Amino acid sequence: MTNFLQLCFAGLALGALYALVALGFVVIYKATGVINFAQGGLVLLGAYLTYNFRQTWGLPFFLCIPLAMIACALVGAAVERFVLRWMVGQPAFAVIMVTIGLLFVIEQIVTGVWGFDRLNMGDPWGIRAVELGDVVVAVKDIWTVVFAAAVMLAFFLFFRYSNLGVAMRATAFDQEAAIAQGISARRIFALSWAIAGAVATLAGVMLASGGGGVRPDIQYIALLAFPAIILGGLDSPAGAVVGGIIIGLTQTLTAGYQPTHFPELGTGFSAVMPYFVMIVILMVRPYGLFGTKEVRRV
Amino acid sequence: MRLRNLNMTLDYADDLKLFRSRQSKASLVALLALGLLLPVIVPDDFWLSVLVYAGIYAIGAIGLNLLTGFTGQVSLGHAFFVAAGSYTAVILGTQHGQPLLVWLPAAAVVGGIIGAIVGPFALRLRGNYLAVISLGLVFLGQHIANNWDSVTGGPGGTTVIAPVKLGPFDFAALELGGRSYTRYQSFFWLTWGLVALALIVSKNIVRSRPGRAMQAVRDRDVAAEVIGVSLARYKVGAFVISSALAAVCGALFGAFQLFVEPDSFGLFLSIQFIAMIIVGGVGTLFGSVIGAVFVGAVPQLVSRYSDSIPFIAQGAGGEGLTVFQLNQIIFGLLIVLFLVLEPRGLAAVWLRLKAYFRAWPFSY
């Protein structure tokens with residue numbers, strides 16, 4: 001039982017991480033209809049920027065995070081302005097490929113500047129852990145859940161009460177009608193990329209803290225978050241969170257039990273399990289759990 | 001007698017012809033002659049290996065173009081089918097010592113069967129969702145490749161010793177008319193012969209009824225269904241052909257490289273294939289070949305001539321970008337720039353040039 005609880009909490013923390021990455025995907029997809037494969041690049045960039053502010057410039061950690069978020073948001077907005085804007089109206093496949101191309105460029109710029117070595121983020125948590133009853137919980141995991149919850153709350157408040165948030169929802173719902181109401185779709189597109197950049201930074205920081213270190217691999221979290229967003233439905237922020245948590249739990253529980261109970265599935269099966277879950281759920285609901293069903297007209 | 005004019009299509013049958021004019025026949029003959037003579041004119045191992053790899057990639061790229069360019073099904077899972085072909089060659093060629101005429105067609109069949117299993121997913125899912133599902137396929141494939149030690153050799157990889165003898169011709173070291181040729185020269189003929197075969201088959205598919213059905217599915221699948229195109233048949237059919245070609249590509253890849261490892265069949269390979277058809281031209285067959293040559297050759301040329309490129313680190317630990325990093329950046333930029341500036345690829349550039357010179361000096 002203790003083991004189960006332990007795995008569940010680890011799964012929750014992992015799920016929170018996926019949810020953070022997935023929220024970035026969803027914001028962009030909802031506003032612009034683009035699946036952003038470069039999200040992993042933004043995660044990477046955010047983590048390295050935080051490292052740079054913390055270790056190279058020596059700023060206090062909790063100042064570095066917002067600074068890096070702002071910087072990464074600017075990069076996101078710039079990418080939208082100078083690359084993605086040219087792709088408006090192109091087929092979805094072409095837009096996906098552009099973001100993949102961007103991923104390659106961002107990745108190489110980051111490793112070109114900071115190298116391939118594992119760097120210490122300089123976060124205040126390190127590998128410390130606290131005991132809650134029998135369960136040992138990493139301090140970093142608690143912070144991940146807290147940050148994810150804070151981001152979700154901020155999302156909710158932003159989309160519900162701020163003018164800009166409502167404008168974003170209107171644009172996502174019907175672009176032409178929104179433009180007719182005087183909403184600038186361009187600003188909304190740039191804003192969605194900026195938000196994605198900021199959220200990606202947070203994901204990158206949480207991934208690289210707690211002894212993990214800043215390293216080029218952390219971008220792969222974005223690929224692992226795909227099952228989460230697809231599961232929840234590409235255009236649903238709530239779905240991103242639910243999907244993230246389901247996938248996080250699935251992955252840690254598989255990692256915990258599969259090697260002893262189903263060794264024939266091979267080592268490292270837990271990394272593939274989310275894709276299985278995703279395929280099964282998509283077969284039943286082709287637009288994810290909370291996604292909007294596409295209306296098809298001839 | 002009807003006047004034949006290249007700029008004018010007189011009836012519908014003209015559009016469907018394999019050769020639309022005597023000139024196109026002549027240029028094909030010239031191209032064939034060039035292909036036959038090239039390894040003799042340029043016997044250099046480096047250039048031939050670049051071209052052999054390009055040819056191998058071209059077969060896979062033609063397959064992907066049939067699926068994505070002509071049928072409109074976005075697949076990031078091409079690497080999975082390539083891997084299936086490679087490991088078929090390992091099982092039949094290396095482990096059972098079967099000849100070329102067994103393992104190569106067998107690879108195509110295995111690829112086709114897997115395509116037929118995966119294809120139906122495309123009936124339920126569309127667009128972005130399909131792309132992400134096919135992404136899952138790649139990870140699944142790598143997991144299998146990493147764990148199926150008896151065939152794949154685990155993460156460390158395995159050697160591929162697939163015999164490449166076809167009747168009296170042994171493509172590992174061809175001997176013709178008392179002259180012997182190197183392995184690279186022989187493989188060049190084998191690979192590009194197969195590219196030609198793949199092109200003929202694909203061209204005949206796309207210019208006939210199934211091809212038109214596939215393009216109707218691409219343009220608007222609901223509309224296609226309404227006018228009586230069976231989505232199940234053509235979507236799954238496209239997957240079967242595309243993955244069969246991918247598997248042939250994989251089998252040849254293993255046979256030429258003599259070694260395969262699970263890491264070679266990752267997402268990057270899928271992306272490379274997509275880059276090939278984008279750079280070459282989505283929805284054109286010869287574009288796939290041009291794209292494969294371009295995308296296949298650029299990294300090798302960059303690493304060969306890295307000494308003369310500024311800002312490149314010499315050896316490990318030097319200042320500046322490594323060759324690998326430069327290649328990745330070039331690769332990423334190629335995709336972005338082509339999609340933004342020339343979405344129809346090199347094929348469109350070529351057609352434009354041709355049209356310009358055909359009507360020269362009356363450009364319009």
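The values are calculated or read from the model by the stated rules, or taken from the named source; none is laboratory data. The shown structure was predicted, so the numbers you read here are calculated from the model rather than taken from an experiment. For neighbour counting, all protein chains shown are included, and Cβ atoms are generated from backbone atoms with ideal geometry for every residue, glycine included.
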Within segment A:12-29, is even one residue within 11 Å of chain B (Cβ to nearest Cβ), β-branched (V, I, T) and under 30 Å from B:G280 (Cβ atoms)?
no
All but one of (1) touching a residue at least 40 places away in the same chain (Cβ under 8 Å); (2) assigned to a helix (DSSP H, G or I); (3) closer than 18 Å to B:T152 by Cα hold for B:G97, so report the exception by its number.
(2)
Which residue, of B:G97, B:G93, B:G141, is within 15 Å of B:F80 (Cα to Cα) and of a type in the set (G, A, S)?
B:G141
Which one of B:V298, B:V302, B:V236, B:V282 is within 23 Å of B:R209 (Cβ to Cβ), within 14 Å of chain A (Cβ to nearest Cβ) and touching a helix residue (DSSP H, G or I) at 6+ places or on another chain (Cβ under 7 Å)?
B:V282
Would you check if there is a residue in segment B:92-108 being in contact with a Leu (Cβ under 8 Å, 6 or more places away or on another chain) and farther than 26 Å from B:G153 by Cα?
no
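So that you can scan it fast, the table gives a plain yes or no per residue for (1) surrounded by fewer than 20 Cβ atoms within 10 Å (Cβ to Cβ); (2) touching a Lys or Arg at 6+ places or on another chain (Cβ under 6 Å); (3) at the interface with another protein chain (Cβ under 10 Å from one of its Cβ atoms):
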| residue | (1), (2), (3) |
| --- | --- |
| A:I218 | no, no, no |
| A:L224 | no, no, yes |
| A:I229 | no, no, yes |
| A:V241 | no, no, no |
| A:G244 | no, no, no |
| A:F262 | yes, no, no |
| A:F269 | yes, no, yes |
Scanning segment A:50-67 for residues that are part of a helix (DSSP H, G or I) and either closer than 21 Å to A:W193 by Cβ or in contact with a helix residue (DSSP H, G or I) (Cβ under 8 Å, 6 or more places away or on another chain) (or both) gives A:T50, A:Y51, A:N52, A:F53, A:R54, A:F61, A:L63, A:C64, A:I65, A:P66, A:L67
Pairs with Cβ under 6 Å, 6+ apart, first in segment B:132-151 and closer than 21 Å to A:E264 by Cβ and facing another protein chain (nearest Cβ under 8 Å), second surrounded by fewer than 23 Cβ atoms within 10 Å (Cβ to Cβ) and of a type outside the set (A, V, I, L, M, F, W, C)
B:N146/B:P155; B:N147/A:G266
Only residues that are farther than 28 Å from B:S288 by Cα and polar (S, T, N, Q): list them for segment B:169-190, please.
B:S180
Please work out if A:V113 is loosely packed, with under 12 Cβ neighbours inside 10 Å, farther than 21 Å from A:C8 by Cβ and of a type outside the set (D, E, K, R).
yes
Go through segment B:140-196 and give me each residue that's at pLDDT below 90, of a type in the set (G, A, S) and outside any loop (DSSP other than H, G, I, E, B).
B:S150, B:G154, B:G156, B:S180, B:S186
So is A:A129 more than 30 Å from A:V295 (Cβ to Cβ), without any contact (Cβ under 8 Å) to a residue 24 or more places away in the chain and within 23 Å of the chain's Cα centre (by Cα) or not?
no
Does A:G122 satisfy the condition of being at positive phi and either of a type outside the set (F, W, Y) or surrounded by fewer than 15 Cβ atoms within 10 Å (Cβ to Cβ) (or both)?
yes
I'd like to check something: does segment A:78-98 contain any residue that is surrounded by 15 or more Cβ atoms within 10 Å (Cβ to Cβ), touching a helix residue (DSSP H, G or I) at 6+ places or on another chain (Cβ under 6 Å) and away from chain B (no Cβ under 11 Å)?
yes
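One line per residue, one yes/no per condition, for (1) closer than 30 Å to B:L321 by Cα; (2) of a type in the set (G, A, S); (3) without any contact (Cβ under 8 Å) to a residue 24 or more places away in the chain:
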| residue | (1), (2), (3) |
| --- | --- |
| A:I96 | yes, no, no |
| A:F155 | no, no, no |
| A:A167 | no, yes, yes |
| A:T171 | no, no, no |
| A:A177 | no, yes, yes |
| A:I188 | no, no, no |
Report yes if B:L258 is at pLDDT below 95, within 21 Å of the chain's Cα centre (by Cα) and at positive phi, otherwise no.
yes
Can you name the residue in segment B:317-335 that is in contact with a strand residue (DSSP E or B) (Cβ under 8 Å, 6 or more places away or on another chain) and assigned to a loop (DSSP other than H, G, I, E, B) and, of all such residues, is modelled with the lowest pLDDT?
B:G320
Out of the residues in segment A:1-49 that are β-branched (V, I, T) and not in a loop (DSSP other than H, G, I, E, B), which is surrounded by the most Cβ atoms within 10 Å (Cβ to Cβ)?
A:V43
Could you please find all residues in segment B:191-215 being farther than 20 Å from B:F286 by Cβ and either under 19 Å from the mean Cα position of the chain (by Cα) or surrounded by 20 or more Cβ atoms within 10 Å (Cβ to Cβ) (or both)?
B:A213
Given the condition part of a helix (DSSP H, G or I), more than 13 Å from chain A (Cβ to nearest Cβ) and in contact (Cβ under 8 Å) with a residue 24 or more places away in the chain, answer yes or no: does some residue in segment B:220-232 qualify?
yes
